[in-house]
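Student: Here's a structure for you.
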Amino acid sequence: MTQLAPMPGVAQAPARRASARTRARRSTLVSPGPTLLLVVGLLIWLWAVRVADPSSMGDLGLSTVLGWQYWIALVAVIASLVWALARPHSRPVFPVVGLIIVLFATAPAIEGIARLPTGWVHAGFINYIALHGDVLTGYDARFSWPGFFSLGAVLDAITGQHDPTVYLRWAPLFFELAYLAPLRVIAKSTVPDARAGWIGTALFYAANWIDQDYFSPQALNMLFFLVVVAAVVAFWRPRSPVITGEGGVARRWWRGLGQVDATLGARRQIGLELVLLVIFGACVASHQFTPYALVVALFALLWTRRLPGPELPLILGLMAVAWLSFATETFWSGHLSLVFKGVGSLGSVLGQNVSQRVTGALDHRLIIDLRLFLGLALITLAAAAALRRRGKSRTLEFLAATPFLLLAGGSYGGEALLRCFLFSLPFTSLLAGTVLVGLLRSPRHTTRVPTGQALALVAVIVCFAALLTVVRGGNDAFESFTHDERAAVTTVYRVATAGQRLGATTTSTDQLPWRDQDVGRLIFVDPVAANNAGDVAHSLERQRVNWVILTQNEERWGELVAGLALGWQSQVQRDLMAKGYTIYHQWPTATILEHTGSPHPKH
């Protein structure tokens, strides 16, 4: 039978329209001009990290080793983002990913050893759990919230690495990329203008100087936080029309609580809630602070009619209190003063979180001042947006403000304000985006964005990103490490015997890439005083330390943060050698001192 040919313009028309829609979707994701500029920017960035010399780092940290190539690359990547946003119906996913790479991959690409000493401590916890199948009770408060470390031990076994330190170097880039998906869901569900949502997303990364994305429980729990908020705002919407009627604003608001429509069917909604409960359990078992930040965020969503009822925040609050009451008994038993220290005393909390941090040398204080300026600039933009958004949903405003209520609960070791700002940052950034999107408004009767306005938006985002580069890497003078310093640590691991004491020369926070091995086998010691070099040496000698590691980054910490005299470690070394210590081994940036009589295999 002869097959009839389809009539022209009938059968092919739907296919042609579908093909056109597919091409349109593809064109909004990849635009030739912005994409070419992005590729050029990333190539220049690769050049920048290749020629950077971390050994020449100055007191202002990472920015002192970045050449002009880095700054050109940063401008090019941000210009590609704004160029893409200036086009109608654009989705600049690739420029935002490029911005994340430039901002958060620069330090690991330049510095051959993972920065931030706390990440090395976390690797040691994972090693201990992987080796013993349990936590070390009474060793460290963080073992009372072992979820992240247990997950790391499982990952270690699955991958066959048996060395969690391999995750340290690139963890910040991994977590920042992971934040992008839930952040985009939040932007789409709370910001009507798509371009404002993209600008807010870029600002989140350009202002994220808190440096809590390293290999840590708080980095993973920030992901949990964003995922839960994204799920709520995406799958529960305020019922339309808004509740009206007699009575004041407060009464109408009260009547509107719970008037929410679910975008999922009943079974899927139950499934979603079960998934959220699993995330709650992981969050409660892995971090001290995040569950409470999530509780206040969920109540903020309830108050702004994005949740049908208070069940989720109440369940999470009960889980967090139950974990603190029973699972962490070994931590708080006998340490209730630490748990409740500063509760209700806002002045004391602010003093520990602000005034006590603005100390040290001029260069260090400059970095702190710039961090405060960067945060205040973003908050100012967000406040301007809140004043302009009359008659609109206040979900973003509540989510941005409520984390700071947690300051009434205590200082959290002097970091409560930093954590509150971090949990506020996604929503503060999206609010700021609703102000800056005005620079992309087109004049009447045209869709073309004026070049001057686009360049102004480029300049604003570049200022944020440039400041971020300076302040985020501002501590790298004493929080980054050389291969010599790591070699000194591994050498001591090899020669020290069980029960011996390993000493650093800095107080409070170890400025060494250590504690990743031999947790519970060796004793890691800090000096109890660091007013001067003599105090450091006397404290270590009095604590009968068997091995002392002196490094360049420890010396910089003393000079920049503790206010010790230039060359103070040389005095510590001389004082210790006068007390019976000898040089076991020495590198250009590290020295190992051995106490006379400490048994070890000869090298």
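The values are calculated or read from the model by the stated rules, or taken from the named source; none is laboratory data. Computed from a predicted structure; not experimentally measured. Here the Cβ positions follow ideal geometry from the backbone for every residue, glycine too, while neighbour counts run over all protein chains shown.
Student: Pick from V102, V77, V97: which is crowded, with 21+ Cβ neighbours inside 10 Å, of a type outside the set (S, T, N, Q) and more than 22 Å from T451 (Cβ to Cβ)?
Tutor: Values: V77 fails: more than 22 Å from T451 (Cβ to Cβ); V97 fails: crowded, with 21+ Cβ neighbours inside 10 Å.
Result of the check over V102, V77, V97: V102.
Student: Still on this structure, I have one more. Out of all the residues in the range 121-145, which are assigned to a loop (DSSP other than H, G, I, E, B) and of a type outside the set (F, W, Y)? Spell out the reasoning first.
Tutor: Going residue by residue through the range 121-145, those that are assigned to a loop (DSSP other than H, G, I, E, B) are 133-140, 145.
Those that are assigned to a loop (DSSP other than H, G, I, E, B) and of a type outside the set (F, W, Y): G133, D134, V135, L136, T137, G138, D140.
Student: For residues in the range 536-584 being over 35 Å from the mean Cα position of the chain (by Cα) and either over 22 Å from V492 (Cα atoms) or polar (S, T, N, Q) (or both), which is surrounded by the most Cβ atoms within 10 Å (Cβ to Cβ)?
Tutor: Restricting to residues being over 35 Å from the mean Cα position of the chain (by Cα) and either over 22 Å from V492 (Cα atoms) or polar (S, T, N, Q) (or both), the top hit is N546.
Residues checked against (1) in a strand (DSSP E or B); (2) at pLDDT 95 or above; (3) under 23 Å from D484 (Cβ atoms):
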residue: Q69; (1), (2), (3): no, yes, no
residue: A73; (1), (2), (3): no, yes, no
residue: A76; (1), (2), (3): no, yes, no
residue: S80; (1), (2), (3): no, yes, no
residue: R87; (1), (2), (3): no, no, no
residue: R91; (1), (2), (3): no, no, no
residue: F94; (1), (2), (3): no, yes, no
residue: G112; (1), (2), (3): no, no, yes
residue: T118; (1), (2), (3): no, no, yes
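Student: Follow-up question, since we're still on this one. Does at least one position in the range 504-513 carry a residue that is among the aliphatic types (A, V, I, L, M), outside the structural domain of H122 (by TED's automatic domain parsing) and surrounded by fewer than 23 Cβ atoms within 10 Å (Cβ to Cβ)?
Tutor: No: zero hits.
Student: Which residues, counting only those in the range 436-477, are closer than 18 Å to A107 by Cα and not aliphatic (A, V, I, L, M)?
Tutor: Residues satisfying the conditions are F464, T469, R472, G473, G474, N475, D476.
Student: Hey, another quick one. Taking the conditions exactly as written (outside any helix (DSSP H, G or I) and either among the polar types (S, T, N, Q) or over 28 Å from R472 (Cβ atoms) (or both)), does T165 satisfy them or not?
Tutor: no
Student: Give the range 71-103 a look and list any residue that's of a type in the set (S, T, N, Q) and either free of Cβ contacts under 8 Å to residues at least 60 places away in the same chain or on the phi > 0 side of the Ramachandran plot (or both), or say none. Can you show your working first?
Tutor: Here is the first cut: in the range 71-103, the ones of a type in the set (S, T, N, Q) are 80, 90.
S80, the sole residue that qualifies.
Student: Here is a further query. Yes or no: W47 touching a Pro at 6+ places or on another chain (Cβ under 6 Å), aromatic (F, W, Y), at pLDDT 90 or above and in a helix (DSSP H, G or I)?
Tutor: For W47, the condition - touching a Pro at 6+ places or on another chain (Cβ under 6 Å), aromatic (F, W, Y), at pLDDT 90 or above and in a helix (DSSP H, G or I) - is not met.
Student: Also, quick follow-up: Any residue at all in the range 123-144 that is buried (at least 21 other Cβ atoms within 10 Å of the Cβ) and either β-branched (V, I, T) or closer than 27 Å to S56 by Cα (or both)?
Tutor: The answer is yes; a qualifying residue exists.
For (1) surrounded by fewer than 22 Cβ atoms within 10 Å (Cβ to Cβ); (2) touching a residue at least 40 places away in the same chain (Cβ under 8 Å); (3) assigned by TED's automatic domain parsing to the domain that holds R306, each residue gets a yes or a no:
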| site | (1), (2), (3) |
| --- | --- |
| R184 | yes, no, yes |
| I199 | no, yes, yes |
| Y205 | no, yes, yes |
| I210 | yes, yes, yes |
| N221 | no, yes, yes |
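Student: Continuing with the same structure: V40 fails exactly one of the following numbered conditions: (1) surrounded by fewer than 13 Cβ atoms within 10 Å (Cβ to Cβ); (2) at pLDDT 95 or above. What is the number of that condition?
Tutor: Going through (1) surrounded by fewer than 13 Cβ atoms within 10 Å (Cβ to Cβ); (2) at pLDDT 95 or above one by one, V40 breaks only (1).
This table checks each residue for (1) of a type outside the set (D, E, K, R); (2) assigned to a helix (DSSP H, G or I); (3) at pLDDT 85 or above.
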site: M222; (1), (2), (3): yes, yes, yes
site: F225; (1), (2), (3): yes, yes, yes
site: V233; (1), (2), (3): yes, yes, yes
site: G245; (1), (2), (3): yes, no, no
site: R268; (1), (2), (3): no, yes, yes
site: L272; (1), (2), (3): yes, yes, yes
site: L276; (1), (2), (3): yes, yes, yes
site: F280; (1), (2), (3): yes, yes, yes
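Student: Please find, among G580, G534, the residue that is free of Cβ contacts under 8 Å to residues at least 24 places away in the same chain, touching a helix residue (DSSP H, G or I) at 6+ places or on another chain (Cβ under 9 Å), farther than 30 Å from H162 by Cβ and assigned by TED's automatic domain parsing to the domain that holds V489.
Tutor: The conditions single out G580.
Student: Would you confirm, using the coordinates I've provided, whether Q453 is out of contact with any strand residue (DSSP E or B) (no Cβ under 9 Å at 6 or more places or on another chain) and in a helix (DSSP H, G or I)? If you could, list the steps in order and put the result at the bottom.
Tutor: Values: out of contact with any strand residue (DSSP E or B) (no Cβ under 9 Å at 6 or more places or on another chain): yes; in a helix (DSSP H, G or I): yes.
Yes; evaluated as a whole, the condition is true for this residue.
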